[in-house]
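Heads up: the structure comes next, in structure tokens.
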Amino acid sequence: MSLRTEAEALNAIGIEDENLFGQAITLTNPAGTAAALVGDYNDIGAVIDPETGTVVSGRSASMALRISSIYSAGFTELPRRISDKNSKPWRVQYTADDAIEYSFIVRESMPDRSAGVIVLILEEYDA
């Protein structure tokens, strides 16, 4: 078994196991096709100003997903930022442990095809 194959198997546990770090989400593409997936999310309520090193008010949210799971869910492309303001964005929704539903758009995506993972940098979304 190659290291890439082994990494993909470990990602299935580390990212998608809801008893560990996995969070049930809904991923929706610009055409409106939605699928239930499980990913590992970060949602932090403070951001550090890189110039001063001080904590400023802000929100930093991201979601890691397995690339194979995105394609297995029927999507034909990976989530990415949609710059055209007249087009609908890729969206991520989930209900966190605090029982509040959160809705985000994909502001940036960073696929790591070697590891089989994509990290989505998210931005709050009001439909």
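The values are calculated or read from the model by the stated rules, or taken from the named source; none is laboratory data. Please read all numbers here as calculations on a predicted model, not as lab measurements. In this analysis, Cβ positions are derived from the backbone assuming ideal geometry, glycine residues included, and neighbour counts consider all displayed protein chains.
Within region 11-23, can you find the residues that are outside any loop (DSSP other than H, G, I, E, B) and either surrounded by fewer than 13 Cβ atoms within 10 Å (Cβ to Cβ) or of a type in the set (Lys, Arg) (or both)?
Looking only at region 11-23, we keep the residues that are outside any loop (DSSP other than H, G, I, E, B), and these are 11-14, 22-23.
Within region 11-23, just ILE13 meets the criteria.
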Open item on the list: Which condition from (1) modelled with pLDDT of 90 or more; (2) surrounded by 12 or more Cβ atoms within 10 Å (Cβ to Cβ) is the one that GLY32 breaks?
Closed with: (2)
TODO: Determine whether region 32-39 contains at least one residue that is under 25 Å from LYS85 (Cβ atoms) and not aliphatic (A, V, I, L, M).
DONE: yes
TODO: Working only within region 97-109, note down all residues that are loosely packed, with under 12 Cβ neighbours inside 10 Å and farther than 14 Å from ASP126 by Cα.
DONE: ASP97, ASP98, ALA99, ILE100
- [ ] Would you list the strands (runs of 3 or more DSSP E) that sit entirely within region 24-100 and hold 1 or more residues that are aromatic (Phe, Trp, Tyr) and within 25 Å of ALA12 (Cα to Cα)?
- [x] 34-48, 91-95
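With the structure loaded, tell me whether SER62 is at pLDDT below 95, buried (at least 16 other Cβ atoms within 10 Å of the Cβ) and within 14 Å of LEU120 (Cβ to Cβ) or whether it fails that test. Let's see the steps before the verdict.
Details: at pLDDT below 95: yes; buried (at least 16 other Cβ atoms within 10 Å of the Cβ): yes; within 14 Å of LEU120 (Cβ to Cβ): yes.
Judged against the criteria, SER62 is a match.
Out of curiosity, is ALA36 more than 14 Å from the chain's Cα centre (by Cα), aliphatic (A, V, I, L, M) and under 20 Å from ALA24 (Cα atoms)? If you could, list the steps in order and put the result at the bottom.
Numbers: more than 14 Å from the chain's Cα centre (by Cα): no; aliphatic (A, V, I, L, M): yes; under 20 Å from ALA24 (Cα atoms): yes.
Spelling it out, it is not the case that ALA36 is more than 14 Å from the chain's Cα centre (by Cα), aliphatic (A, V, I, L, M) and under 20 Å from ALA24 (Cα atoms).
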Open item on the list: Which pairs turn up if I take residues in region 32-54 that are closer than 30 Å to GLU18 by Cβ and look for partners that are aromatic (Phe, Trp, Tyr) and outside any strand (DSSP E or B) with beta carbon separation below 9 Å, at least 6 apart in sequence or on another chain?
Closed with: THR33/PHE75; ALA35/PHE75; GLY39/PHE21; ASP40/PHE21; TYR41/PHE21
TODO: Identify the single condition in (1) basic (Lys, Arg); (2) in contact with a Gly (Cβ under 8 Å, 6 or more places away or on another chain); (3) surrounded by fewer than 18 Cβ atoms within 10 Å (Cβ to Cβ) that LYS85 does not satisfy, given that it satisfies every other one.
DONE: (2)
TODO: Would you point out the residue of region 1-29, among those that are under 15 Å from ILE67 (Cα atoms) and in contact with a helix residue (DSSP H, G or I) (Cβ under 8 Å, 6 or more places away or on another chain), that is modelled with the lowest pLDDT?
DONE: GLU8
- [ ] Kindly list the number of the only condition in (1) touching a residue at least 24 places away in the same chain (Cβ under 8 Å); (2) among the basic types (Lys, Arg); (3) out of contact with any Pro (no Cβ under 7 Å at 6 or more places or on another chain); (4) farther than 18 Å from GLY45 by Cα that fails for ARG107.
- [x] (4)
